[in-house]
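Single-structure report; data block below.
Each value in this text was obtained by applying a stated rule to the coordinates, not by laboratory testing. Only a predicted model underlies this, so the values are computations on that prediction, with no experimental measurement involved. Backbone-built Cβ (ideal geometry, glycine too); neighbour counts: all protein chains shown.
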Amino acid sequence: MRTTAEAETIVYQFIKASALDEAVTGGVFKWKRPNDSKLEDIVINSLPVTVNSIQRMTVNVNIYVADVPYPGLNFTTQDSGRIEELAGIAMNLFEEVQGQYYDFRVETQSIFEEPDIDQHYINFRLQFQFYETD
């Protein structure tokens, strides 16, 4: 049987070897990013895995982007251009990935606000499957 930790490692290594890793200003992390980071970090985590012959789970990939000042007003807003750029790179990367004993693809994509740190993050929910191997 495979584990969520194994799926997270596969996605981590996949991102580290990609244009997405080169495009962000920060790092790639499992579960947590550095405290007080203002960089464009990528954080990977997962939901529970099934224990059937085909094991399924969701792996989350969150890409953090710092907010920018809103012109003429005293508040910040999402950096739409940067979010669009990084989301496009990630969508192409995660469109459909096939390994020897696994595959994953984008299930959903959305954007969430982190108002306490003046950042937004792009969330990709990847549908991840492990297959039985001999």
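FRET efficiency for residue 105 and residue 36, Cβ-Cβ distance as r, R0 = 35 Å, nearest 0.05? Present the calculation step by step, with values, prior to reporting the outcome.
Numbers: r = 34 Å, r/R0 = 0.96.
The calculated FRET efficiency here is 0.55.
Scanning the chain for trypsin sites (Lys or Arg not before Pro) in DSSP loops with at most 16 other Cβ atoms within 10 Å, what's the longest stretch left with none? Don't jump to the answer; show the numbers that get you there.
Details: sites that count: 32, 38.
No qualifying site falls inside 39-134, the longest such stretch.
Would you mind computing, in nm to one decimal, how far apart the modelled labels at residue 116 and residue 97 are, each placed 7 Å from Cα along Cα→Cβ?
Between residue 116 and residue 97, the simple spin-label model gives 2.9 nm.
Using only Cα atoms, tell me the angle between helix 80-94 and the longest principal axis of the chain; keep it within 0 to 90° and round to the nearest 10.
Once rounded, the angle reads 10 degrees.
Under 1.5 on a/c is rounded, so check that first for the stretch 6-68, then, if it is not, pick prolate when a/b is larger than b/c and oblate when it is not; a ≥ b ≥ c are the square roots of the alpha carbon gyration tensor eigenvalues.
Values: a/c = 2.95, a/b = 1.98, b/c = 1.49.
Taking the square roots of the gyration eigenvalues as a ≥ b ≥ c, the stretch 6-68 is prolate.
Test of the criteria: in the stretch 22-118, which chymotrypsin sites (Phe, Trp or Tyr not before Pro) are in a DSSP loop and have at most 16 other Cβ atoms within 10 angstrom of their Cβ? Write out the running numbers ahead of the final one.
Working: sites: 29, 31, 64, 75, 94, 101, 102, 104, 112; in loops: 31, 75, 101.
Hits after loop and neighbour filter: 31, 75, 101.
Can you tell me the 0 to 90 degree angle between the C-alpha axis of helix 4-16 and the longest principal axis of the chain, rounded to 10?
That works out to roughly 60 degrees.
Report, in whole Å, the centroid distance computed from the Cα atoms of the stretch 95-122 and the stretch 45-63.
Rounded to whole Å, the Cα centres lie 13 Å apart.
Calculated from the structure, Kirkwood radius over Cα pairs in Å equals which of (i) 16.9; (ii) 15.6; (iii) 19.3?
Read-out taken from this structure: (ii).
For the stretch 4-130, what proportion of DSSP beta bridges, expressed in % and rounded to the nearest 5, is antiparallel?
Numbers: 33 of 36 bridges.
Looking only at bridges with both residues in the stretch 4-130, the antiparallel portion is about 90 percent.
Can you tell me how the stretch 32-103 classifies by the Cα gyration tensor, rounded, prolate or oblate, using a/c under 1.5 as the rounded cut? It would help to have the intermediate numbers written out before the result.
Details: a/c = 3.47, a/b = 2.21, b/c = 1.57.
In terms of gyration-tensor shape, prolate.
With the contact rule set at Cα under 8 Å and sequence spacing of 6 or more, what percent relative contact order holds for the stretch 4-130? Walk me through the numbers before you get to the answer.
On the way: 240 pairs, mean separation 29.2, N = 127.
Rounded, it is 23 percent for the stretch 4-130.
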